[in-house]
Structures are given as structure tokens and as C-alpha cells.
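Please read the structure below before turning to the comments.
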Amino acid sequence: MATLSINNVRKQYGAVEVLKGIDLTLADGEFLVLLGPSGCGKSTLLNMIAGLETISAGEIRIDQRVVNGVHPKDRDIAMVFQSYALYPNMTVARNIGFSLEMRGQSKAERDTAVRRVAKLLQIEHLLDRKPAQLSGGQRQRVAMGRALVRDPKIFLFDEPLSNLDAKLRVDMRTEIKKLHQRLGTTVVYVTHDQIEAMTLASRIAIMKEGVVQQFAPPQEVYERPANMYVAGFIGSPTMNFVRGTLSAEGDRLGVSVGRDRGLFLPLPETPDQAPDQAGHWLGQEVILGIRPEAVTCHDPAAAAGNPALARVSCRVDVLEPTGADTITYIQLNGQEVVARIKPSDRVTEGATADFMIDMARANLFDPKTEQRI
């Protein structure tokens, strides 16, 4: 296990700057997920940690040791690739133990280590098979076993589940989570899948065009996104963005939205949201960010005891049943908003129904910078 420190790391290919000053620090045993779309620089950063890419500027430390010029084999890291990269002519046992063989360990030591890892990954019955005789999930377990057998300081995963089908991805995601809980090893994991990031990470670094947009625990990223890019990238369906004006009615601060800003949605009465502390935002345009699950069918009992629940009357455009809930597209005073309601809620497409918005879960963004206010 090890700490990892990435300080102002940059990467350039000629005049093109791929990474633009990355700063990340991991404690011993943390699970960091680098999340972002293709081309954002996440795999480049992982390869720089591994030593497969050179650093244009900045510094990477593993356990306080600067590793900028250290050869990959001397960094005490292990990498699991998207493509598995197994030797087709070797058995599973030899694939797992090959790195130990190259280091000159005795056969008895190798066999002990291989069986320990095979038991951990529940692939003991596969040790005599070759990769062609394995399923995708089994091959991925073997690739993980090859990394685990070395007992490295840091594990690096480069989109390891992207070649698997949907159900197998869920199963393997759970296995990786259990494995990390058992071993407590420091992990850096690259993915473009937000579900993988939310379920696996102790902290997520969301990247865009070579810049870290937010580095925080998953729930904080979800509930308090740093900007509209993060808010829109995390969550499915995505966060609703509603244009409005920060305004006040009496002593209540709220957001006026829709046609002629005719619908006032009051914000919770907390000290940091009082009108006299809103400064230049009062009367200015803002973007109101609301997650679909914060927009539900009106419940009189719940609303009676919670002033943060704003009641609104909306036309229902489309219903999309998913089983566990129903994704509902509604018109909020002229702006389309996605709600998440119960299957038992009786609403009809084309009709008007009462909904409630949990304004305690609202986020406000600057429409110019798109940063969270």
C-alpha cells in the first residue's frame, strides 16, 4: 500500500497540451477513479503514473519518492488493462505467476503465491486452462490475478470492464469492490462509466480537456457539483438545468423561473442563503440545478412538514416506466424538466398534475462561468 501525490503534472505533444496542471493526492488505501469522456486525458495520466508516458512538467510521488525518471518495473505498481493482455500459449497459473518467474522466484514460491491469488479471485478450478478456454469475466479475473500476485504498492486499472457485457460488468464491479475492501490497497481506476465511478471510488476526479473539474467523494460530486459540466456528467437522467432569476418575496430568497419569471421557487431559510448575503446575485440570472429524484408527485403529508418542498402544477408530456420508478417529462412554466416518480403515482400523459420540488437539494450556477454559486 502507498500514498500517491500528483503535483502540477503537465503533458504536451508538441504544441498540444493534453494535461494542464493536474494536482491530486491519495492517502494510503484510497480508491481514486479518473472519470471523463474519451480524450479528456485520464488514460494519459494513468500511463504517466505507471511510467509508460513521460512527464512534460510537474512531479509524481509514490510514498514520497519522486518517480518521474523511474523505470516502470521499479515503481512497484501493477496495471490491469482493458484488453486483458494474457499470454495465449500459457495456462492461467503460468499467466498469473509469470512476473514472479521473471524475477527469479522458485517454483514452490510461485505456486504458493498463484494459489493464494486464485483462491482470492475464486478461479482455482481454472488454473490449468488457457485463455481461449475462458469467458470474458474469467479472463479479467486472470488479468487481475497477474497484478495481485506481485503485491504492489499501487494498482492501476485502465477501463478493465469495458469489454464485458452489461450483467458481467455489474458482477465484476462488485468483485473489484470486495477485493479492495479485503486488501485495502491504493487503486487508481480509469473509466468513462459514471456508475463504476460512483460505486467504486472513495474519491472521484472528473476530467475535461486535461483539467480536473472536481476532486471529491462520490456523494459530494453528486449533491454539490463544482460546475454544470460535473452536474451534467454525473447522474442518469442528467440534472435539470432551469434558467431563472435570483429574487426575494418578503424575507424569502428564491428562484423565479419560466415564462416572465412568473413561478417563484423559495430556497430553504438558511443563513448562507439569506437575501442580505446574496450580494450581486439578487436580481441576476442564475441556473437552477435540480436532480430528477428531487422532483416528485405532490404528497400533502410530506409537504405539510417540509417548507423546502415547493408545490408546482405541471403538464405531463411523456412517461417512461423503468420498473423501479417512472421517468416523467413535465413542463415547468414553459421549461422541460425531468421528474422521477413512483410507478404507483397516477399521472397521465397530456394532463396536468401537482408535483413538488425539493429545493433543499437545489444547486445554483453562474450562467456565464457555469460554476456553482
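Consider segment 202-220. How many of its residues are open to solvent by less than 10 Å² (accessible area, probe 1.4 Å) and either hydrophobic (A, V, I, L, M, F, W, C) or within 30 Å of R261 (Cβ to Cβ) (or both)?
5
Just need a number here: residues in segment 223-240 that are under 26 Å from D165 (Cα atoms) and either without any contact (Cβ under 8 Å) to a residue 60 or more places away in the chain or of a type outside the set (F, W, Y) (or both).
Within segment 223-240, residues that are under 26 Å from D165 (Cα atoms) and either without any contact (Cβ under 8 Å) to a residue 60 or more places away in the chain or of a type outside the set (F, W, Y) (or both) number 6.
Spot the failing condition for D63; the list is (1) over 21 Å from V187 (Cα atoms); (2) in contact (Cβ under 8 Å) with a residue 60 or more places away in the chain, and only one is missed.
Here D63 clears every test but (1).
Name every residue in segment 25-40 that is more than 9 Å from the chain's Cα centre (by Cα) and in a loop (DSSP other than H, G, I, E, B), in order of residue number.
Of everything in segment 25-40, those that are more than 9 Å from the chain's Cα centre (by Cα) and in a loop (DSSP other than H, G, I, E, B) turn out to be A27, D28, G29, E30, P37, S38, G39, C40.
Of everything in segment 221-251, what is within 14 Å of P367 (Cβ to Cβ), open to solvent by 10 Å² or more (accessible area, probe 1.4 Å) and β-branched (V, I, T)? Give them in sequence order.
Correct list: T245 only.
From the list R259, R315, R340, R243, pick out the single residue that is in contact with a helix residue (DSSP H, G or I) (Cβ under 6 Å, 6 or more places away or on another chain) and charged (D, E, K, R).
From the options R259, R315, R340, R243, the qualifying one is R340.
Filter segment 252-269 for residues that are buried (at least 18 other Cβ atoms within 10 Å of the Cβ) and part of a loop (DSSP other than H, G, I, E, B); which is modelled with the lowest pLDDT?
Looking at residues that are buried (at least 18 other Cβ atoms within 10 Å of the Cβ) and part of a loop (DSSP other than H, G, I, E, B), I get G258.
If you check every pair at least six apart or on different chains, which have Cβ atoms under 6 Å apart with a residue in segment 72-87 that is open to solvent by 30 Å² or more (accessible area, probe 1.4 Å) first and a residue that is basic (K, R) and not in a strand (DSSP E or B) second?
Filtered contacts from segment 72-87: D76/K153.
Here are V337, V318: which of them is surrounded by fewer than 15 Cβ atoms within 10 Å (Cβ to Cβ), within 32 Å of the chain's Cα centre (by Cα) and in a strand (DSSP E or B)?
Being surrounded by fewer than 15 Cβ atoms within 10 Å (Cβ to Cβ), within 32 Å of the chain's Cα centre (by Cα) and in a strand (DSSP E or B) holds for just one of V337, V318, which is V318.
For segment 20-42, give me each residue that is of a type in the set (S, T, Y) and at pLDDT 95 or above.
T25
List the residue pairs whose Cβ atoms are under 9 Å apart, where the first residue sits in segment 184-210 and is farther than 22 Å from L164 by Cα, the second is hydroxyl-bearing (S, T, Y), and the two are 6 or more positions apart or on different chains.
Correct list of pairs: T186/T3; I206/Y229; K208/Y229; G210/T44.
Do we have I195 as surrounded by fewer than 18 Cβ atoms within 10 Å (Cβ to Cβ), of a type in the set (A, V, I, L, M, F, W, C) and over 25 Å from A2 (Cα atoms) here?
Here the answer is yes, as I195 does meet what is asked.
Filter segment 346-360 for residues that are hydrophobic (A, V, I, L, M, F, W, C) and assigned to a loop (DSSP other than H, G, I, E, B); which is surrounded by the fewest Cβ atoms within 10 Å (Cβ to Cβ)?
A351
Which numbered condition in (1) assigned to a helix (DSSP H, G or I); (2) within 25 Å of A50 (Cα to Cα); (3) not charged (D, E, K, R) is the only one that A132 fails?
With respect to (1) assigned to a helix (DSSP H, G or I); (2) within 25 Å of A50 (Cα to Cα); (3) not charged (D, E, K, R), A132 is out only on (2).
Please identify the pairs in which a residue from segment 361-373 that is more than 19 Å from K208 (Cα to Cα) and open to solvent by less than 30 Å² (accessible area, probe 1.4 Å) has its Cβ atom under 8 Å from the Cβ atom of a residue that is of a type in the set (S, T, N, Q) and in a loop (DSSP other than H, G, I, E, B), counting only partners at least 6 apart or on another chain.
none
Applying the selection to segment 44-64, what residues are out of contact with any Lys or Arg (no Cβ under 8 Å at 6 or more places or on another chain), closer than 22 Å to R203 by Cβ and surrounded by fewer than 20 Cβ atoms within 10 Å (Cβ to Cβ)?
Scanning segment 44-64 gives N47, E59, R61, Q64.
Can you report the number of residues in segment 6-34 which are touching a residue at least 24 places away in the same chain (Cβ under 8 Å), surrounded by fewer than 16 Cβ atoms within 10 Å (Cβ to Cβ) and within 24 Å of L179 (Cα to Cα)?
3
Every residue, every condition in (1) hydroxyl-bearing (S, T, Y); (2) touching a Leu at 6+ places or on another chain (Cβ under 8 Å); (3) at pLDDT 90 or above, yes or no:
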site	(1), (2), (3)
G279	no, no, no
Q284	no, yes, yes
A294	no, no, yes
D325	no, no, yes
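The values are calculated or read from the model by the stated rules, or taken from the named source; none is laboratory data. On a predicted model such as this, the values are computed, not experimentally measured, just so you know. All Cβ positions, glycine included, derive from the backbone under ideal geometry; neighbour counts span all protein chains shown. Calculation scope for accessible area: heavy atoms of the full protein, side chains included, ligands and nucleic acids excluded. Shrake-Rupley method; radii C 1.70, N 1.55, O 1.52, S 1.80 Å.
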